[in-house]
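Okay, structure first, notes after.
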Amino acid sequence: MADLPAPENQIIERFGPHAAYVPVGGWGAASDPDRRVPSHCCFCGQQCGMILLVKDNVIVGLEPWEEFPFNHGMLCPKGVNRYLQSGHPDRLRAPLVRAPNGFQETTWDDALDRVARAVRQIQAEHGRDAFAMLSGASLITEKAYLAGKFARLALKTRNIDYNGRLCMVSAAAASKKAFGIDRSANPWSDILLAECILIAGSNTAECSPITTDYVWRARDSGAHVIVVDPRLTPIARTADVYLPVRPGRDAALLNGMLHVLIQEDLLDHTFIRERTTGFEQVKEAVSHYPPAVAAEIAGVHAEDLVRAARLWGEAKTSFALHARGIEHHIQGVENCAAVINLVLATGRIGRPGCGYGTITGQGNGQGGREHGQKCDQLPGMRDIEDPAAREYIARVWGVHPDEIPHQGLTAVEIFEAIDRSEIRGLLSISFNPLVSLPDAGFIRNCLRKLDFYCAIDFFLSETARHADVVLAGSTQEEEEGIVTSVEGRVIHIRQAVEPPGQARQDTRILCDLAERLGAGDKFRFRSTREILDELRVASRGGLADYYGITYEKIDRQMGVFWPCPELDHPGTPRLFEDGRFYTGDGRAHFIPVTWHPPAEDTDEEYPIVLTSGRVVAHYLSGNQTRRIGPLLDQTPNPYVEIHPQLAAQLGVADGEPVRITSRRGSIVLPASVVTTIRPDTVFIPYHWGGRQSVNILTIRALDPVSKIPEYKICAVKLEKAAAGAVPAAEIASLSPRHHV
Ligand SMILES: Nc1nc2c(c(=O)[nH]1)N[C@H]1C(S)=C(S)[C@@H](COP(=O)(O)OP(=O)(O)OC[C@H]3O[C@@H](n4cnc5c(=O)[nH]c(N)nc54)[C@H](O)[C@@H]3O)O[C@H]1N2
Ligand SMILES: Nc1nc2c(c(=O)[nH]1)N[C@H]1C(S)=C(S)[C@@H](COP(=O)(O)OP(=O)(O)OC[C@H]3O[C@@H](n4cnc5c(=O)[nH]c(N)nc54)[C@H](O)[C@@H]3O)O[C@H]1N2
Ligand code: SF4
Ligand SMILES: [Mo]
């Protein structure tokens, strides 16, 4: 593999170490490729445009795609290094079956027959819903749509859910309630026009690096920035007001800000009267949060809270952004609603420079939550329990409405049903739950209880190591398709290479399995284009209407924002411009919020708050980025961020091992002593498995509405550990065999 270009060949933008780069001359083996394929990053929801350089069926390098309007050629370190995934020696090249000493390769016929046999046997003995499916939002939308249809018509199970359940669902539920639709309301160009930007629970610079560029460009034009985060993240360092909230106290803090807006009459009364419902109830709810009370609960200074409220209230335009920091809570939906209440009270939505959005996480975090791989959803963002929706989708699929199973269990609930032996078989695609779900000890036991487990992946993940059959699937760049980015912009993923060896395209695997399960006639797709054509019709008339979206139109327009109901419709970059919302009454709905404590608050025995999240170099469970040398070098191992005061109490110096224990388990990690975290809180990045996994400690507590886990808070105790107690990366059993 070629070396990275020397630093002098890079223009490192002003962003410092967590930078977005514009490479000069490209990355990797930029010379003499067979083809240049303009496409998008396979990682996060920013979905940066980039030109893939292909030689001999391998992506060997990248060039900036300057014309793509979202990122103008800029990439973060993950994007810059993504090409190293192609042709990787760890790549699964044939299906695997469990053998006495690990896995052995087999033929596709044998592997698929085994899966079909297991499905039939388990369903005959325990009922159809005893076989479950888990899917993912890294998948292109065609695959996501196919997964939902496959579960309902081929597996005939109600139990399908997806990894967006760990990610997007709190924001989705709040947006659906307040606006009647679940999409960021604005194109990101509106950020540039905002006078005030509120960022709550988002490590923007590391996790949505291109969004940082928008925020900082707005700042250069005079915008004020407010950041709410228990850690002084890179974006927080450049904020006008930084509110170092104690984890799990956002609802009180945000209610406190609205209290100030009401008291100081910084409201848009006309908007509230003509375009909304429910303000009086919200006014009553926030009356209990005067600044002193809210600040006391939130662990911030009351003056800062008031200053933040005034900056928001006095601005003429504004943009509110939030991410998992306020969403990964048992109060996740209410936290999002509390942000929306600020937006509605000041009437700042549906106009240039006036916006709101959750920052989507996974590559297809948006498109992956629209077309039916959620347990409660049918394509087009339709409700699976709505009789009209069932009837419409049944017609598109050529079945009777009664043949579509009803709502099933969510991701964590599926594991709880496995624990109760109600679910006996599992098929997963694009999901690594052993690393990513909370309470990893429990999840591991569930995997052991399964009668049969099949994983579809292109790298052997920690979870796939528990499988009976592993099907060698495809990466993002191995099938043509669409993805919907953070802005709601539908973009075109071009196929750059074919799957290597015997590996197969994910869509073909699902269609082949459907054939063996007796549903082949519903899965006769010869290409993803044919899947998109069916999806367009299936979504027609739904909230997420894609009928007017084709690959060619996306190419012509550099993306199409949905809804796009007709072929000659240009798409809808900014929602609600006509003043109407997608709710039954056409108005936006205020939602009253009352703060309540987290599922597991600190006490004498477990006195410290543990929170978790990400670093710039790694992606999600790390199954992809831990195999890429430059990214692994940047952050080779997890660590625990500790404030110097707490470190002194523990007698721990930077780099020394610390044992972190919760009621569910215990791990040892090196201390990273930093002044950028609250002294009552520690932080661990979650991209590692085995004994390095923070999810050994986290709690299996769910938001009652969205069913998202409370990853962002549990109670722990810390002690200095013996020298040498930090586990080495578990190379043989749990970590990648090679990295390139
Ligand atoms: N580098 C990188 N980028 C990614 C990803 C990745 O794995 N790596 N994953 C993508 C995905 S799927 C997602 S979901 C996004 C996630 O993007 P983010 O949500 O920005 O990332 P996190 O690190 O999960 O958490 C964000 C911040 O929440 C803060 N926080 C913790 N508890 C609280 C709290 O109670 N209140 C508040 N206000 N803040 C709190 C943390 O200190 C952290 O800085 O990133 C996407 N982009
Ligand atoms: N403690 C803690 N835990 C967390 C979080 C946190 O902040 N703290 N964040 C949560 C969040 S927001 C998220 S999104 C989840 C993510 O958790 P997961 O979804 O489990 O993590 P991924 O690494 O995306 O796992 C996806 C798997 O899909 C594979 N894959 C990717 N693309 C494709 C494809 O096109 N086809 C196929 N067949 N396979 C593919 C990858 O190789 C990988 O093995 O983690 C959650 N877990
Ligand atoms: S990981 Fe996200 S920000 Fe980084 S290059 Fe890829 S899409 Fe862009
Ligand atoms: Mo996520």
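The values are calculated or read from the model by the stated rules, or taken from the named source; none is laboratory data. Model, not experiment: these values are computed from the prediction. No Cβ is skipped: glycine too gets one built from the backbone with ideal geometry, and neighbour counts run over all protein chains shown.
Scanning the range 292-312 for residues that are more than 26 Å from residue 685 (Cβ to Cβ) and surrounded by fewer than 24 Cβ atoms within 10 Å (Cβ to Cβ) yields a count of 13.
Only one of the numbered conditions (1) in contact (Cβ under 8 Å) with a residue 40 or more places away in the chain; (2) surrounded by 20 or more Cβ atoms within 10 Å (Cβ to Cβ); (3) away from ligand 2 (no atom under 14 Å from the Cβ) is not met by residue 458, and that is (3).
Please enumerate the residues belonging to the range 128-163 that are over 23 Å from the mean Cα position of the chain (by Cα) and among the small types (Gly, Ala, Ser). Across the range 128-163, the qualifying residues are 130, 154.
One residue stands out in the range 52-72 among those that are surrounded by fewer than 23 Cβ atoms within 10 Å (Cβ to Cβ) and of a type in the set (A, V, I, L, M): the one that is farthest from residue 86 (Cα to Cα), namely 54. The set of residues in the range 625-644 that are among the hydroxyl-bearing types (Ser, Thr, Tyr) and either away from ligand 3 (no atom under 15 Å from the Cβ) or in contact with a Lys or Arg (Cβ under 8 Å, 6 or more places away or on another chain) (or both) comprises 625, 639.
Say we look at the range 73-104 and pick out the residues that are within 16 Å of ligand 3 (Cβ to nearest atom) and either without any contact (Cβ under 8 Å) to a residue 24 or more places away in the chain or small (Gly, Ala, Ser) (or both); which of these is nearest to residue 27 (Cα to Cα)?
Ranking the qualifying residues of the range 73-104, first place goes to 79.
Taken together, 611, 602 contain a single residue that is of a type in the set (Val, Ile, Thr) and either surrounded by fewer than 19 Cβ atoms within 10 Å (Cβ to Cβ) or within 16 Å of ligand 4 (Cβ to nearest atom) (or both), which is 611. Which number in (1) farther than 21 Å from residue 698 by Cα; (2) without any contact (Cβ under 8 Å) to a residue 40 or more places away in the chain; (3) of a type in the set (Val, Ile, Thr) marks the one condition that residue 463 misses? Going through the list (1) farther than 21 Å from residue 698 by Cα; (2) without any contact (Cβ under 8 Å) to a residue 40 or more places away in the chain; (3) of a type in the set (Val, Ile, Thr), residue 463 breaks only (1).
Within the range 683-729, restricting attention to residues that are in a strand (DSSP E or B) and touching an Asp or Glu at 6+ places or on another chain (Cβ under 6 Å), the residue that is nearest to ligand 3 (Cβ to nearest atom) is 683. Annotation for the range 46-55: at least one member residue is under 19 Å from residue 480 (Cβ atoms), away from ligand 3 (no atom under 14 Å from the Cβ) and not assigned by TED's automatic domain parsing to the domain that holds residue 368. Quick check: anything in the range 80-90 within 27 Å of the chain's Cα centre (by Cα), among the acidic types (Asp, Glu), more than 26 Å from residue 622 (Cβ to Cβ) and not assigned by TED's automatic domain parsing to the domain that holds residue 383? No, the range 80-90 contains no residue that is within 27 Å of the chain's Cα centre (by Cα), among the acidic types (Asp, Glu), more than 26 Å from residue 622 (Cβ to Cβ) and not assigned by TED's automatic domain parsing to the domain that holds residue 383.
Within the range 637-659, can one find any residue that is within 15 Å of ligand 1 (Cβ to nearest atom) and among the hydrophobic types (A, V, I, L, M, F, W, C)? Within the range 637-659, one or more residues are within 15 Å of ligand 1 (Cβ to nearest atom) and among the hydrophobic types (A, V, I, L, M, F, W, C). Checking each residue of the range 545-561 against the condition of being more than 27 Å from the chain's Cα centre (by Cα), over 21 Å from residue 46 (Cα atoms) and assigned to a loop (DSSP other than H, G, I, E, B) gives no match. Of the conditions (1) touching a Cys at 6+ places or on another chain (Cβ under 6 Å); (2) away from ligand 4 (no atom under 16 Å from the Cβ), residue 209 fails just one. Which one is it? All conditions pass for residue 209, except number (2).
Kindly indicate whether residue 321 is away from ligand 3 (no atom under 16 Å from the Cβ) and either assigned by TED's automatic domain parsing to the domain that holds residue 265 or of a type outside the set (D, E, K, R) (or both). So that I can check it myself, show each step before the final result.
Numbers: away from ligand 3 (no atom under 16 Å from the Cβ): no; either assigned by TED's automatic domain parsing to the domain that holds residue 265 or of a type outside the set (D, E, K, R) (or both): yes.
When the stated conditions are applied, residue 321 does not pass them.
Counting the residues of the range 190-217 that are touching a helix residue (DSSP H, G or I) at 6+ places or on another chain (Cβ under 8 Å) and either away from ligand 3 (no atom under 16 Å from the Cβ) or farther than 21 Å from residue 368 by Cβ (or both) gives 18. How about the range 91-115: which of its residues are assigned to a loop (DSSP other than H, G, I, E, B), at pLDDT 95 or above and either out of contact with any Phe, Trp or Tyr (no Cβ under 9 Å at 6 or more places or on another chain) or closer than 30 Å to residue 63 by Cβ (or both)? Within the range 91-115, 91, 92, 93, 106, 107 qualify. Condition check: basic (Lys, Arg), crowded, with 23+ Cβ neighbours inside 10 Å and assigned by TED's automatic domain parsing to the domain that holds residue 199. Does residue 249 satisfy that? So residue 249 passes the test.
Matching residues to (1) under 24 Å from the mean Cα position of the chain (by Cα); (2) closer than 15 Å to residue 246 by Cα:
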{"residue": "286", "(1), (2)": "no, no"}
{"residue": "297", "(1), (2)": "no, yes"}
{"residue": "306", "(1), (2)": "no, no"}
{"residue": "314", "(1), (2)": "no, no"}
{"residue": "326", "(1), (2)": "yes, yes"}
{"residue": "335", "(1), (2)": "yes, yes"}
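Of all the criteria given as (1) within 15 Å of ligand 2 (Cβ to nearest atom); (2) part of a loop (DSSP other than H, G, I, E, B); (3) β-branched (Val, Ile, Thr), the one not satisfied by residue 399 is (1).
The set of residues from the range 331-358 being in a loop (DSSP other than H, G, I, E, B), surrounded by 24 or more Cβ atoms within 10 Å (Cβ to Cβ) and not hydroxyl-bearing (Ser, Thr, Tyr) comprises 331, 348, 349.
State all residues of the range 602-621 that are more than 8 Å from ligand 1 (Cβ to nearest atom) and under 20 Å from residue 324 (Cβ atoms); if no residue qualifies, say none.
Going residue by residue through the range 602-621, those that are more than 8 Å from ligand 1 (Cβ to nearest atom) are 602-610, 621.
Scanning the range 602-621 gives 609, 610, 621.
Residues that are within 18 Å of residue 201 (Cα to Cα) and among the β-branched types (Val, Ile, Thr) were ranked within the range 598-624; the one that is nearest to ligand 3 (Cβ to nearest atom) is 616.
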